[in-house]
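Student: Sharing a structure with you now.
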Amino acid sequence: MTIPDLTARGAGVAPGLPVSDPGLPVSAPGLPTSAAEPPTTAAPGAGSLPQLQPPGFSPESARQDIPILHRTVNGHPLVWLDNGATTQKPRQVIEALGAFYGTANSNIHRGAHTMAREATQMYEAGRAAVAGFLGAGSPDDIVFVRGTTEAINLVAQSWGRANLGPGDDILVAVLEHHSDIVPWQLIAKETRARVVPIPLTPEGAIDQDAYADLLSSRTQLVAVSHASNVLGTVPPVKEMTALAHRYGAKVLVDGAQAVAHFPVDVTDLDADFYAFSGHKLFAPTGIGALYAKPEILESMGPWQGGGNMIESVDFTRTTFAPVPHLLEAGTGHISGVVGLLAALNWFTSFDRNSVAAYETSLMTYAQQALSTVPGLDVLGSAPERIAVLTFTLAGHDPAGIADWLDRDGIAIRAGHHCAQPALAHYGLESAARASLALYNTSEEVDQLVASLRRLQEAPETAG
Ligand code: PMP
């Protein structure tokens, strides 16, 4: 059987499938139809900044694939600096979704016909691609979920319920996203375990001495992000995992902000669980993955019941399917997996180390450029970090900053970023955040900085 390849980079659709009219919004009323180049004027005061050295990767090679980056917002070319919230999608992903629904739609694992078999093969090809992307040993180590939040809830409800008890500790870093705090609080309450925060240093790194002191034979689980969505911090997850394992604790790594920024290898990390969301990796919303070590996955019981996860159902005795299907009750997000596969094919067609080096140089450029804005403070200065720049601007509340930038077509996020303990560490309830991706450019950083400088010069017009 031949699986229609809906996802090849450059092709975007299977041979023989229609390539026209993939349903892109670029021709919708109010949206531009041509690629508008952003202005190249440097921000005032940014003239003395070092030029970005292109280390073997050009953001244009990614930009040309992403239709939405060529629209305008409020009369200005879009500057998308809200990648921490979600990433924009290459046409290869958009077209793969159209091609799937246009030519290949079927439920999986249950139809005795050609298209059901084809859809099943595509779905399982997606699983294999995720396993390869994460460095997992086998596709069977991958569970499809809605996203990072669902992955962590799954671990808490399945593994946590069976393995946590009174007196047990769950160590959770203070920089975690709420989705890596609240599921632990919920299961801790039920099992009478404790959630223990691992403090941060003033720079926003995880305090490694405090972490070592907190670990004990009571520690059952350590929950840590591979990259913080608010401070950009990249903790030493491999070393933290090795230390946790000495106490027999398992380690869950929240990779939501990591996977789009640097290569990840769960085998090298020796992580017990690793979670990510497709939509932060150029794929559709509603699809993500959980990796778990095979021996741990094998030991896990169901957390939701329904179709797909059983072998046979009887009112006296129900038997279950093996993992990973055991943990995937109901019809999965089949088109989401097709889109995720397309996104992985697209993203991995770039040299990942060059992408990471480019983003690091862009971040350094952005840090220096932002430091020229009077009254601007960037939160967090951990030595290892991704290009997430959360900041405050004297005299302006974060919502007002975001509103001002939006008028210039610049999208950032303002608020608590679902990481209230991390902000509280700096005595804040909210902040503004610019988060960069491989398709952002130094010209876009210049536009951000220029707009912020204008805001400082005209404070009375800010919201
Ligand atoms: N963890 C981190 C570090 C995140 O940044 C996010 C999303 N902002 C999540 C978890 C939750 O991801 P999702 O909403 O896609 O489940």
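The values are calculated or read from the model by the stated rules, or taken from the named source; none is laboratory data. Keep in mind the model is a prediction, meaning the values are calculated, not measured. Neighbour counts run over all protein chains shown; Cβ positions are idealised from the backbone, glycine included. The protein model used for the area step is the full one, side chains on, heavy atoms only, and it has no ligands, DNA or RNA in it. Shrake-Rupley method; radii C 1.70, N 1.55, O 1.52, S 1.80 Å.
Student: Can you tell which of 71, 91 is of a type in the set (Lys, Arg), over 22 Å from the mean Cα position of the chain (by Cα) and modelled with pLDDT of 95 or more?
Tutor: 71
Student: Another question about this same structure. How about segment 170-206: which of its residues are away from the ligand (no atom under 16 Å from the Cβ) and either aromatic (Phe, Trp, Tyr) or part of a helix (DSSP H, G or I) (or both)?
Tutor: The answer is 187, 188, 189, 190, 191.
Student: Specify the residue that is farthest from the ligand (Cβ to nearest atom); the eligible residues are those in segment 281-295 that are surrounded by fewer than 24 Cβ atoms within 10 Å (Cβ to Cβ) and part of a loop (DSSP other than H, G, I, E, B).
Tutor: Per the criteria, the residue is 293.
Student: Hey, among the residues in segment 243-257 that are assigned to a strand (DSSP E or B) and of a type outside the set (A, V, I, L, M, F, W, C), which one's surrounded by the most Cβ atoms within 10 Å (Cβ to Cβ)?
Tutor: The qualifying residue surrounded by the most Cβ atoms within 10 Å (Cβ to Cβ) is 254.
Student: Of all residues in segment 153-169, which are assigned to a helix (DSSP H, G or I) and more than 16 Å from residue 298 (Cβ to Cβ)?
Tutor: 153, 156, 157, 160, 161
Student: In segment 367-405, what residues are charged (D, E, K, R) and within 23 Å of residue 438 (Cβ to Cβ)?
Tutor: 384, 385 - these are the residues of segment 367-405 that are charged (D, E, K, R) and within 23 Å of residue 438 (Cβ to Cβ).
Student: While we're looking at this one, here's another question. Quick one: would you say residue 124 is within 30 Å of residue 190 (Cβ to Cβ), surrounded by fewer than 24 Cβ atoms within 10 Å (Cβ to Cβ), out of contact with any Asp or Glu (no Cβ under 6 Å at 6 or more places or on another chain) and not β-branched (Val, Ile, Thr)?
Tutor: So residue 124 fails the test.
Student: Then there is this: Quick check: anything in segment 129-137 within 16 Å of the ligand (Cβ to nearest atom) and closer than 15 Å to residue 224 by Cα?
Tutor: no
Student: A further question follows. Kindly check whether there is at least one residue in segment 432-439 that is at pLDDT 95 or above and out of contact with any Phe, Trp or Tyr (no Cβ under 9 Å at 6 or more places or on another chain).
Tutor: Taking every residue of segment 432-439 in turn, at least one turns out to be at pLDDT 95 or above and out of contact with any Phe, Trp or Tyr (no Cβ under 9 Å at 6 or more places or on another chain).
Student: I would also like to ask the following. Within segment 266-280, restricting attention to residues that are within 12 Å of the ligand (Cβ to nearest atom) and outside any strand (DSSP E or B), which residue is surrounded by the fewest Cβ atoms within 10 Å (Cβ to Cβ)?
Tutor: 279
Here's the yes/no breakdown for (1) of a type in the set (A, V, I, L, M, F, W, C); (2) without any contact (Cβ under 8 Å) to a residue 12 or more places away in the chain; (3) exposed (fewer than 15 other Cβ atoms within 10 Å of the Cβ); (4) closer than 19 Å to residue 423 by Cβ:
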| position | (1), (2), (3), (4) |
| --- | --- |
| 192 | no, no, yes, no |
| 195 | yes, no, no, yes |
| 217 | no, no, yes, no |
| 224 | yes, no, no, yes |
| 233 | no, no, no, yes |
| 241 | no, no, no, no |
| 259 | yes, no, no, no |
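Student: Please specify each residue of segment 406-454 satisfying the condition of being assigned to a helix (DSSP H, G or I) and either outside the structural domain of residue 394 (by TED's automatic domain parsing) or within 16 Å of the ligand (Cβ to nearest atom) (or both).
Tutor: 420, 421, 422, 423
Student: Sticking with this structure for a sec: Could you tell me which residue of segment 347-402 is most open to solvent (accessible area, probe 1.4 Å), considering only residues that are closer than 24 Å to residue 225 by Cβ and of a type in the set (D, E, K, R)?
Tutor: Looking at the filtered set, the residue picked out is 384.
Student: Oh, and also: All but one of (1) surrounded by fewer than 24 Cβ atoms within 10 Å (Cβ to Cβ); (2) under 17 Å from the mean Cα position of the chain (by Cα); (3) more than 11 Å from the ligand (Cβ to nearest atom) hold for residue 150; which doesn't?
Tutor: Status for residue 150: all satisfied but (3).
Student: What about residue 158, is it within 20 Å of residue 269 (Cα to Cα), among the polar types (S, T, N, Q) and away from the ligand (no atom under 16 Å from the Cβ)?
Tutor: No; evaluated as a whole, the condition is false for this residue.
Every residue, every condition in (1) among the hydrophobic types (A, V, I, L, M, F, W, C); (2) touching a residue at least 40 places away in the same chain (Cβ under 8 Å); (3) not assigned by TED's automatic domain parsing to the domain that holds residue 275, yes or no:
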position: 89; (1), (2), (3): no, yes, yes
position: 100; (1), (2), (3): yes, yes, yes
position: 111; (1), (2), (3): no, no, no
position: 122; (1), (2), (3): yes, yes, no
position: 125; (1), (2), (3): yes, yes, no
position: 130; (1), (2), (3): yes, yes, no
position: 133; (1), (2), (3): yes, yes, no
position: 137; (1), (2), (3): no, yes, no
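Student: Now for a separate question. Can you confirm whether segment 181-197 contains a residue that is outside the structural domain of residue 85 (by TED's automatic domain parsing), within 17 Å of the chain's Cα centre (by Cα) and on the phi < 0 side of the Ramachandran plot?
Tutor: Checked segment 181-197: at least one residue is outside the structural domain of residue 85 (by TED's automatic domain parsing), within 17 Å of the chain's Cα centre (by Cα) and on the phi < 0 side of the Ramachandran plot.
Student: Does residue 57 satisfy the condition of being more than 16 Å from the ligand (Cβ to nearest atom), in the same structural domain as residue 415 (by TED's automatic domain parsing), open to solvent by 10 Å² or more (accessible area, probe 1.4 Å) and in contact with a helix residue (DSSP H, G or I) (Cβ under 9 Å, 6 or more places away or on another chain)?
Tutor: When the stated conditions are applied, residue 57 passes them.
Student: Only residues that are surrounded by fewer than 22 Cβ atoms within 10 Å (Cβ to Cβ) and acidic (Asp, Glu): list them for segment 129-144, please.
Tutor: Within segment 129-144, 140 is the sole residue that qualifies.
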